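**Q** Following this message is one structure expressed as structure tokens.
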Amino acid sequence: MKNVLLFLLLISVNSYAVENAVENAEDKTELSLITVEGEIIEGISGSEVKTADLAEALSKKSASISLVRRSGIANDIILRGQKKDNINILIDGAKVYGACPNRMDPPTSHILTNNIESVEITEGPYDVENFGTLSGSVLVITKKPATGFNADLMLNIGSWNYLKTAASLSGGTDRIRALISVSSESSDQYEDGDGNNFAEHIENFSATTMARYKPEYENRKAYEKQSVMAKLYFDVTDNQQLKMSYTANRSDDVLYPSSKMDALYDDSDIINIDYSVSDLGRFSSLLDFSYYDSVVKHPMSTFYRLSSGPDSANERVSYLESSIRGFKLKNVFDISPDSQMTLGIDSSNRNWDGTYEGSGMSAGITGIKSIDDVDTDNNALFLRLDKNLGDMSFEIGARYDDTDIKPGAGMLPANDYTAFSAYGLGNWKLNPEISLFAGLGQSHRVPDARELYFRAAMGPNGMLIGNPNLDQVTNDELDFGFDYSLDNLHVKTRLFYSWLSDFIVYNDSKSMQRFENADASIYGFSVSGYWRLGENLNLDYGLAYQRGKKDRPLAGQSDTDLPEIPPIKLNLALRWNYTDKGTAWAELTAADSWTDYDADNGEQLLDSWAIFNLKAEHQLTKRISILVGVDNLFDETYAVSNTYKDLTLLLDGTGEVILMNEPGRYFYLNTSFSF
């Protein structure tokens with residue numbers, strides 16, 4: 001009965017996603033938009049977003065995205081039952097890879113919400129322009145410089161001494177424009193619904209673990225974060241444009257209570273350069289060259305934990321650095337008035353390096369390489385054809401990849417991979433109310449350096465957890481859906497089935513080389529849309545469900561459930577425009593219990609949950625707006641992230657893995673000033 005009630009609740013909830021954005025796009029000109037495979041969701045950068053964490057914002061806005069909670073900031077996402085390198089995350093076309101093998105610094109943590117213009121999410125293998133899009137891509141587009149003079153100031157405060165300040169300046173002429181944006185954010189440790197902060201959560205989990213925080217650090221801040229983004233756009237001629245941008249993120253002393261270590265700092269630098277020329281002739285309506293360079297530095301340490309000993313004499317540190325630089329050259333031209341071809345070259349070099357260091361009793365790990373200076377070189381050719389035929393439109397794409405992965409001076413072997421990816425998409429508008437969508441595609445992604453070569457700090461040379469013999473993953477996927485629209489009702493449905501060959505999974509039954517290939521499948525559906533209940537009242541809804549299975553159990557195991565497959569999730573939002581200057585929301589987000597999980601590899605039963613959020617925004621003057629809100633109104637204690645052991649999480653004396661609870665009741669006040 002509980003599941004039936006939850007299912008009905010879920011069907012009613014996720015209307016917040018689409019209609020909210022469509023309506024607000026008409027009502028307000030300042031809102032940012034998120035596009036999720038045709039679904040438009042309200043703003044990422046607006047004052048209605050309470051924190052700078054992109055992962056948390058996306059999970060609140062889309063039922064298809066689930067949050068992986070790692071801390072108060074720097075969280076990860078799951079899209080359609082996929083995460084990590086199985087989804088491709090880009091910032092203005094630049095690839096950004098976190099340095100931490102324990103996912104403390106995922107790509108979503110290296111851009112702040114206040115700098116974002118839009119987020120486009122492609123579900124499925126329908127992207128040939130970018131390396132490694134296996135099951136979906138997330139393209140983050142940041143704000144652009146504008147002409148004239150524009151300035152925005154923002155001040156956000158909230159529970160647990162949350163404080164965020166941000167400012168941006170933009171201006172220029174039609175020929176040259178510039179933008180600079182700065183922000184600072186900090187927060188104490190949040191408390192869950194039971195009133196426990198990070199330190200108390202660990203204490204309640206295990207009163208004897210040496211991963212507890214030292215008494216002098218039990219109440220320290222959860223994180224501090226600063227960011228700067230600068231852009232310059234220059235119209236060289238009427239048909240040539242140069243775009244340059246630089247983003248710097250500096251996070252300090254980020255606490256990760258479900259892990260054994262915390263981040264001393266997490267720094268990233270992202271450079272983008274793009275040069276485009278239009279109208280070159282019959283065979284080039286647009287020629288575009290883009291270059292990016294991103295670097296992430298991330299040292300983890302036991303400094304704040306009891307395990308580091310008195311005066312941190314036995315501190316352990318894991319220093320890691322990840323960088324990637326690449327370029328893309330593509331040419332777009334018209335084959336006919338209703339057909340367009342895109343041809344391109346894509347190339348990148350990714351480097352990942354990590355070393356353990358220690359003092360006192362931990363000194364024996366000094367110099368052990370966790371990831372030994374691994375280079376991943378990729379070169380690719382791609383093409384895409386777009387064609388319109390009246391009420392029908394088609395898109396066909398293909399890509400050929402050649403990838404070499406080479407570790408440093410150690411004895412582990414190098415790996416070479418080649419792959420051909422392709423897809424076809426079609427849309428057919430049957431009548432003004434109904435349109436159909438179908439897609440079929442195949443894509444690939446190579447193993448990363450952690451999956452191939454990672455070593456734990458054990459023994460004189462470390463214990464090999466990675467598996468140098470891994471094959472690349474192949475995804476064959478079929479998608480189908482329809483859109484149905486009436487005057488006051490919109491329904492969008494998507495169904496998918498994904499056959500995964502040589503999927504990379506973690507086998508906790510093995511002592512070494514724990515990553516291995518396994519065939520598996522994931523299938524599911526999503527329903528989203530809106531219902532206009534009146535002139536000023538709208539209900540937005542979204543529902544997503546997926547299931548995943550391995551074809552057979554891993555060696556030494558019996559469970560065939562695929563890990564990290566969230567249960568059915570519902571988002572609902574009722575929005576009321578109470579005046580032409582004010583809007584109020586009542587939101588519901590809920591999920592079923594996590595009953596299908598990979599128990600052999602550390603996952604566990606999670607209870608179902610439902611939380612209510614309230615907020616209201618009012619335009620006080622032409623330049624000043626204010627928003628007040630409360631999340632988790634009834635102070636529920638719940639967890640959304642399971643405990644798959646491919647992450648190193650805390651264990652108690654019985655081998656049980658710690659769960660990371662979500663924040664309890666949270667009050668916030670956001671103000672913005674524009675001129």
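The values are calculated or read from the model by the stated rules, or taken from the named source; none is laboratory data. The structure displayed is predicted, hence computed values, not measured ones. Heads up, the Cβs are rebuilt from the backbone with ideal geometry, glycines too, and the neighbour counts pull from every protein chain shown.
**Q** Taking residue 313 and the conditions (1) in contact with a strand residue (DSSP E or B) (Cβ under 8 Å, 6 or more places away or on another chain); (2) closer than 25 Å to residue 215 by Cβ; (3) among the aliphatic types (A, V, I, L, M); (4) surrounded by fewer than 18 Cβ atoms within 10 Å (Cβ to Cβ), which numbered condition does it fall short on, given that it satisfies the others?
**A** (1)
**Q** Which members of the range 174-189 meet the condition of being out of contact with any helix residue (DSSP H, G or I) (no Cβ under 8 Å at 6 or more places or on another chain) and either surrounded by 15 or more Cβ atoms within 10 Å (Cβ to Cβ) or closer than 17 Å to residue 230 by Cα (or both)?
**A** 176, 177, 178, 179, 180, 182, 184, 185, 186, 187, 188
**Q** Is it fair to say residue 230 is under 27 Å from residue 90 (Cβ atoms), surrounded by fewer than 16 Cβ atoms within 10 Å (Cβ to Cβ) and touching a residue at least 24 places away in the same chain (Cβ under 8 Å)?
**A** Details: under 27 Å from residue 90 (Cβ atoms): yes; surrounded by fewer than 16 Cβ atoms within 10 Å (Cβ to Cβ): yes; touching a residue at least 24 places away in the same chain (Cβ under 8 Å): yes.
So residue 230 passes the test.
**Q** Right, next: What strands (runs of 3 or more DSSP E) completely inside the range 313-416 contain at least 3 residues that are over 29 Å from residue 97 (Cβ atoms) and of a type in the set (A, V, I, L, M, F, W, C)?
**A** Details: elements: 316-336, 339-358, 369-389, 392-406.
Qualifying strands (runs of 3 or more DSSP E): 392-406.
**Q** Looking at 61, 95, can you tell me which residue is among the basic types (Lys, Arg), over 11 Å from the mean Cα position of the chain (by Cα) and modelled with pLDDT of 90 or more?
**A** Numbers: 61 fails: modelled with pLDDT of 90 or more.
So the residue among 61, 95 that is among the basic types (Lys, Arg), over 11 Å from the mean Cα position of the chain (by Cα) and modelled with pLDDT of 90 or more is 95.
**Q** Condition check: surrounded by 20 or more Cβ atoms within 10 Å (Cβ to Cβ) and of a type outside the set (Val, Ile, Thr). Does residue 629 satisfy that?
**A** In short, yes.
**Q** Across the range 414-447, what is the total count of residues that are polar (S, T, N, Q), more than 29 Å from the chain's Cα centre (by Cα) and surrounded by 16 or more Cβ atoms within 10 Å (Cβ to Cβ)?
**A** So the count comes out to 1.
**Q** Considering the range 453-489 alone, what residues qualify as being surrounded by fewer than 20 Cβ atoms within 10 Å (Cβ to Cβ) and part of a loop (DSSP other than H, G, I, E, B)?
**A** If the condition is that a residue be surrounded by fewer than 20 Cβ atoms within 10 Å (Cβ to Cβ) and part of a loop (DSSP other than H, G, I, E, B), then 457, 458, 459, 460, 461, 462, 468, 469, 471, 486, 487, 488 are the ones that fit.
**Q** Now a separate question. Out of 379, 388, 427, 431, report the one residue that is over 25 Å from residue 478 (Cα atoms) and without any contact (Cβ under 8 Å) to a residue 60 or more places away in the chain.
**A** Values: 388 fails: over 25 Å from residue 478 (Cα atoms); 427 fails: over 25 Å from residue 478 (Cα atoms); 431 fails: over 25 Å from residue 478 (Cα atoms).
Exactly one residue qualifies, and that residue is 379.
**Q** Continuing with the same structure: Among the candidates 651, 669, which residue alone is closer than 29 Å to residue 452 by Cα and surrounded by fewer than 20 Cβ atoms within 10 Å (Cβ to Cβ)?
**A** The match here is 651.
**Q** Considering 399, 450, which residue is crowded, with 21+ Cβ neighbours inside 10 Å, under 20 Å from residue 352 (Cβ atoms), in contact (Cβ under 8 Å) with a residue 40 or more places away in the chain and not hydrophobic (A, V, I, L, M, F, W, C)?
**A** Working: 399 fails: under 20 Å from residue 352 (Cβ atoms).
450 is the lone residue from the list that is crowded, with 21+ Cβ neighbours inside 10 Å, under 20 Å from residue 352 (Cβ atoms), in contact (Cβ under 8 Å) with a residue 40 or more places away in the chain and not hydrophobic (A, V, I, L, M, F, W, C).
**Q** Being in a loop (DSSP other than H, G, I, E, B) and not aliphatic (A, V, I, L, M) is the filter; apply it to the range 435-452 and report the residue that is nearest to residue 400 (Cα to Cα).
**A** By that ranking, first place goes to 447.
Table: residues versus (1) of a type outside the set (Ser, Thr, Tyr); (2) assigned to a strand (DSSP E or B).
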site: 545; (1), (2): no, yes
site: 548; (1), (2): yes, yes
site: 553; (1), (2): yes, no
site: 558; (1), (2): no, no
site: 563; (1), (2): yes, no
site: 575; (1), (2): yes, yes
site: 586; (1), (2): yes, yes
site: 597; (1), (2): no, no
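**Q** Quick check on the range 650-660: of everything there that is in contact with a Lys or Arg (Cβ under 8 Å, 6 or more places away or on another chain) and assigned to a loop (DSSP other than H, G, I, E, B), which residue is farthest from residue 604 (Cα to Cα)?
**A** Here the answer is 650.
Listed here are the residues, each with its yes/no results for (1) in contact with a Leu (Cβ under 9 Å, 6 or more places away or on another chain); (2) not hydrophobic (A, V, I, L, M, F, W, C).
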site: 592; (1), (2): yes, yes
site: 599; (1), (2): yes, no
site: 624; (1), (2): no, no
site: 643; (1), (2): yes, yes
site: 650; (1), (2): no, no
site: 665; (1), (2): yes, yes
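**Q** I'd like to check something: does the range 589-604 contain any residue that is surrounded by fewer than 21 Cβ atoms within 10 Å (Cβ to Cβ), on the phi < 0 side of the Ramachandran plot, charged (D, E, K, R) and touching a Ser or Thr at 6+ places or on another chain (Cβ under 9 Å)?
**A** yes
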